[in-house]
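Bear in mind that the values in this text are calculations on the coordinates, not laboratory data. What you are looking at is a predicted structure, and each value in this text was computed from that prediction instead of being measured. In this analysis, Cβ positions are derived from the backbone assuming ideal geometry, glycine residues included, and neighbour counts consider all displayed protein chains.
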Amino acid sequence: MSTPTMDDAAKVLADPTAYADDARLHAALTHLRANNPVAWVDNPPYRPFWAVTKHADIMAIERDNTLWINEPRPLLATADADDMAQEMLQAGGGLRTLIHMDDPQHRVIRAIGADWFRPKAMRDLKIRVDELAKIHVDKMVAAGGECDFVHEVAVHFPLYVILSLLGLPESDFPRMLKLTQELFGGDEEEYKRGTTLEDQNAVLLDFFGYFTSLTASRREHPTEDLASAIANARIDGQPLSDLETMSYYVIIATAGHDTTSATIAGGLRALIDNPGELQRLQQNPQLLGTAIEEMIRWVTPVKEFMRTATADTTVRDVPIAEGESVYLAYVSGNRDEEVFDDPFRFDIGRDPNKHVAFGYGVHFCLGAALARMEINSFFSELVPRLESIELAGEPELASTTFVGGLKHLPIRYSLR
Ligand code: HEM
């Protein structure tokens, strides 16, 4: 097969800095949707892939989980990182989470945690989540009318919710916050324990050590929490291995954290940038449900996942060979003019709002109901108490090809 020609616009998808520049990213995506909806991208240090930018194509690919599978390339990483992950897996030492698996194994492993995210479990958790939302809005009052909303509020609240769901004691929360920031803080130097590989390994060992003793304690004394469900799960009569258990904790902690905090921070910024919509929400609190869906569409904190073809096929008549990968551009799907009227307008009453921010099909976000509830609790607490709010500096987006959003949101406000 001859090498496909590349549309320069498509390069942005394999360039972390583009995600920190909304205007640049969306100009490229709008061009691709109109002119090249299945675009070849070859931009080292990433291996080449096909970028799929239309909402309908993203859904069709996710729906067919026999033709399109998650292994061996579930998300965009550099070729070196891909190779390292494969080597570690082959050596039996790599983390393998739900997003790395396909059916039938995926179905069995997903079922272990699934009950904890169903509506009944969510109703039981609501009181706690409301309490945590109030504590975090009160923090804004304590900050004295000005803060960096991302650092002081948004990153803490979803993590505390996840830790509550897992069943960790509150006295361990600050330690876990520090550990997850050290582990997943990305390029944020201020979070890192140190710069050497040993420093990073020490963090990983602390994290593993904490969860290994948690598993041992829940096996000895099972309790009514998600950590117990994971520690005591049996597959064909066998408990999960240490690595499988650890992978479960890691996917819950990571998937449940940055995604929701990015949506809360990005949702607040959208309300600040659109004061008419904030006022509309204050006057019509019954619009909160649609407002939350719109915040999730607007922010789309998970930028992409990938799938690999198990046979030669076509997408929109573009031939794709067995073994080639497609990049599902959720950010683009959620601005698709064919699905959303005036997609670049932030409209808290948007209905219907068939966004693909939670994905689709068998991997559909396990925590979607929890995320919705958290965002709902937070804005239910904040919006009625808000007397005024404005930016106190320039908001900054993170450079990331995967999960993220604002890394700084300086605000000035007055709260009741
Ligand atoms: C607004 C917040 C969130 C967004 C936008 C989001 C988005 C996503 C997306 C796009 C996927 C992949 C879906 C696919 O491949 O079709 C996913 C998977 C997942 N999410 Fe979320 N997520 C959010 C919050 C959460 C929360 C709070 C949790 C709770 C622990 C969570 C847990 C998971 C898990 C476990 C998976 C893997 C599911 C699987 O592969 O079967 N997510 N999420």
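Geometric descriptor of the range 227-379, per residue, is 146 Å³ (volume of the convex hull of the Cα atoms).
Taking the alpha-carbon centroid of each part, what is the distance from the range 217-264 to the range 329-378 in angstrom? First find each Cα centre; the distance between them is then 26 Å. Mean separation of Cα pairs under 8 Å and 6 or more residues apart, divided by the residue count, gives the range 1-128 a relative contact order of 16 percent.
In plain terms, the residue of Met88, Met373 with the fewest other Cβ atoms within 10 Å comes first and the most crowded comes last, giving Met88, Met373. For the chain, relative contact order (Cα pairs under 8 Å, six or more residues apart, normalised by length) works out to 26 percent.
P(r) for the range 333-416, from all Cα pairs and a bin width of 5 Å, is 3, 10, 12, 18, 24, 20, 10, 3, 1 %, short bins first.
Based on alpha-carbon atoms, the Kirkwood radius and the radius of gyration of the range 209-286 give Rg/Rh equal to 1.29.
Going through the DSSP H helices of the chain, which span 18 Å or more along their own axis at the Cα atoms while scoring at least 0.5 as a mean Kyte-Doolittle hydropathy? Correct list, ordered by number: 242-255. Divide the volume of the convex hull around the Cα atoms of the range 116-255 by the residue count and you get 127 Å³ per residue. In this Cβ point-charge picture (+1 for Lys and Arg, -1 for Asp and Glu), the chain has a dipole of about 1080 debye about its Cα centre.
DSSP finds beta bridges in the chain, and of those with both partners inside it, around 90 percent are antiparallel.
Think of it as helices only: each DSSP H run of n ≥ 4 in the chain is worth -39500 (n - 2.57), and spread over all residues that comes to -15000 deg cm²/dmol at 222 nm.
Computed over the range 99-251, relative contact order equals 19 percent, with contacts defined as Cα pairs under 8 Å that lie 6+ residues apart. The calculated Kirkwood hydrodynamic radius for the range 1-109 is 15.8 Å, given to one decimal from all distinct C-alpha pairs.
For the range 249-349, applying the loop criterion from DSSP together with a ceiling of 16 other beta carbons within 10 Å to the trypsin sites (Lys or Arg not before Pro) yields Arg316, Arg345. A straight line joining the Cα centroids of the range 54-126 and the range 144-170 runs 26 Å. Considering the chain, its Cα convex hull presents a mean projected area of 20.4 nm².
For the residue pairs Lys178/Lys303; Lys126/Lys354; Lys178/Lys354, the alpha carbons lie more than 28 Å apart in Lys178/Lys354.
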